[in-house]
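Everything below concerns the one structure shown next.
The values are calculated or read from the model by the stated rules, or taken from the named source; none is laboratory data. No experiment lies behind these values; they were computed from the predicted model shown. Here Cβ is always computed from backbone atoms with ideal geometry, including for glycine, and neighbour counts include all displayed protein chains.
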Amino acid sequence: MAIVTGAASGIGAASAKRLAAAGARLVLGDVDATGLEQLVAEIEASGGQAIHKVTDVTRYEDLEALVATAEEAFGPVDILVNNAGLMLFSYWQERAIADWNKMIDVNLRGYLHGIAAVLPGMMERKAGRIINMDSVAGHRAGEAGGVYAATKFFIQGMTESLRKEVGVSHGIQVGMVSPGVIDTGWPDKLRDGQAKGVALDLSKQAIKPEAVAEAVAFALNQPSGVAINEIIVAPVAQPW
């Protein structure tokens, strides 16, 4: 059974559909209730199994409730796809503190909350898979994306530590999938300004989220004892 956060659209939705097609039973979390309902209906119409629960990953109690819902419906959580995230561009001199805080809350605290909610059960069973959705920005900061990149650098360090500390000792398969520019409509969410122009220019080379979903499925479809530490999926035309 797999939990996917940020499942209502983009990479999360594509990953949920791909995992459902492979036979996974899914529990989907997002703040977008309508998007979740539509996705569950689509998965069920294709013969898959999925339920949803409105989940704000910035609230740890929401992740606890999501895990409880999953366990009640399907049993122990085998897989966590930590996917909910925000990519908001701005230049440092704009001092876009509200945007910075949103990314810190979702991209950092949200992932930590997901891990904290599933870890006790996985450690007890000495089994489980955790995929953290990182980014090529976790390797290199791009123009107007400094704080976003910093949150993704955090995920790099967090995932490495988690793999070494609990993966090695408890058999939990921990890894990352790091997308490049993906066509999820993310520039439309940015405030108008020069930074949005940078984002729109980047998005011209974007690839579809289904490419990332294939990488997620590959990383999760490994035998016990095999960990995929990181997969980078990016457009051929993207230079970084």
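Miscellaneous remarks
- Filtered residue count, region 223-239, keeping only those that are touching a residue at least 60 places away in the same chain (Cβ under 8 Å), out of contact with any Ser or Thr (no Cβ under 9 Å at 6 or more places or on another chain) and surrounded by 11 or more Cβ atoms within 10 Å (Cβ to Cβ): 2
- For region 1-54, taking the residues that are touching a Lys or Arg at 6+ places or on another chain (Cβ under 9 Å) and of a type in the set (S, T, N, Q), the one that is farthest from PRO209 (Cα to Cα) is identified as GLN49.
- Set side by side, the residues ASP99, ASP134 differ, and just one is buried (at least 18 other Cβ atoms within 10 Å of the Cβ), of a type in the set (Asp, Glu) and either under 17 Å from ALA227 (Cα atoms) or in contact with a Pro (Cβ under 9 Å, 6 or more places away or on another chain) (or both), which is ASP134.
- Residues that are farther than 17 Å from GLY10 by Cβ, touching a strand residue (DSSP E or B) at 6+ places or on another chain (Cβ under 6 Å) and buried (at least 18 other Cβ atoms within 10 Å of the Cβ) do occur in region 26-49, at least one of them.
The rows are residues; the columns are (1) polar (S, T, N, Q); (2) crowded, with 23+ Cβ neighbours inside 10 Å; (3) modelled with pLDDT of 95 or more.
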position	(1), (2), (3)
ALA116	no, no, yes
ARG125	no, no, yes
GLY128	no, yes, yes
GLY142	no, no, no
PHE154	no, no, yes
GLU160	no, no, yes
LYS164	no, no, yes
GLY171	no, no, yes
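- When each of VAL54, VAL67, VAL81 is tested for being among the β-branched types (Val, Ile, Thr) and free of Cβ contacts under 8 Å to residues at least 40 places away in the same chain, the lone residue that passes is VAL54.
This table checks each residue for (1) in contact (Cβ under 8 Å) with a residue 60 or more places away in the chain; (2) outside any helix (DSSP H, G or I); (3) under 15 Å from the mean Cα position of the chain (by Cα).
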{"position": "PRO76", "(1), (2), (3)": "yes, yes, no"}
{"position": "LEU88", "(1), (2), (3)": "yes, yes, no"}
{"position": "LYS102", "(1), (2), (3)": "no, no, no"}
{"position": "ASN107", "(1), (2), (3)": "no, no, yes"}
{"position": "PRO120", "(1), (2), (3)": "no, no, no"}
{"position": "MET123", "(1), (2), (3)": "no, no, no"}
{"position": "ALA141", "(1), (2), (3)": "no, yes, no"}
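- Those residues of region 1-25 which are of a type in the set (Gly, Ala, Ser) and surrounded by fewer than 20 Cβ atoms within 10 Å (Cβ to Cβ), in sequence order: SER9, ALA21, ALA22, GLY23
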